[in-house]
Amino acid sequence: MATNPNAPRKLAPVWRALVEIGFIVFLFYSNLLMGEFEHANGHEKTFAFAIRDIFTTTNFAVAAISGMIGYFVFEYLRKRV
């Protein structure tokens, strides 16, 4: 499948932003999950309980905002360095 090299690539920056924000959100949730298992160690809490406990609206809002802030900081550093 050949592409026209002169055609503008408008979706590439959007996809890169989504991937970077998604990665930051993934790291946020993996950190929460590890913390939940550390905190709940020995209290007979299961993986399903930990998942239910960390996937809340508040945690998602924090993850999304942190992801966007992280993306903008890295874009700023990428352009300055």
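The values are calculated or read from the model by the stated rules, or taken from the named source; none is laboratory data. Everything numeric in this text was worked out from a predicted model, so none of it was measured. Cβ atoms come from the backbone with ideal geometry, glycine included; neighbour counts cover every protein chain shown.
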If we only count helices (runs of 4 or more DSSP H) wholly inside the stretch 8-81, which ones have 3 or more residues that are modelled with pLDDT of 85 or more and not aliphatic (A, V, I, L, M)? 11-39, 57-80
Out of all the residues in the stretch 35-81, which are of a type in the set (Phe, Trp, Tyr) and without any contact (Cβ under 8 Å) to a residue 40 or more places away in the chain? PHE37, PHE47, PHE49, PHE55, PHE60, PHE72, TYR76
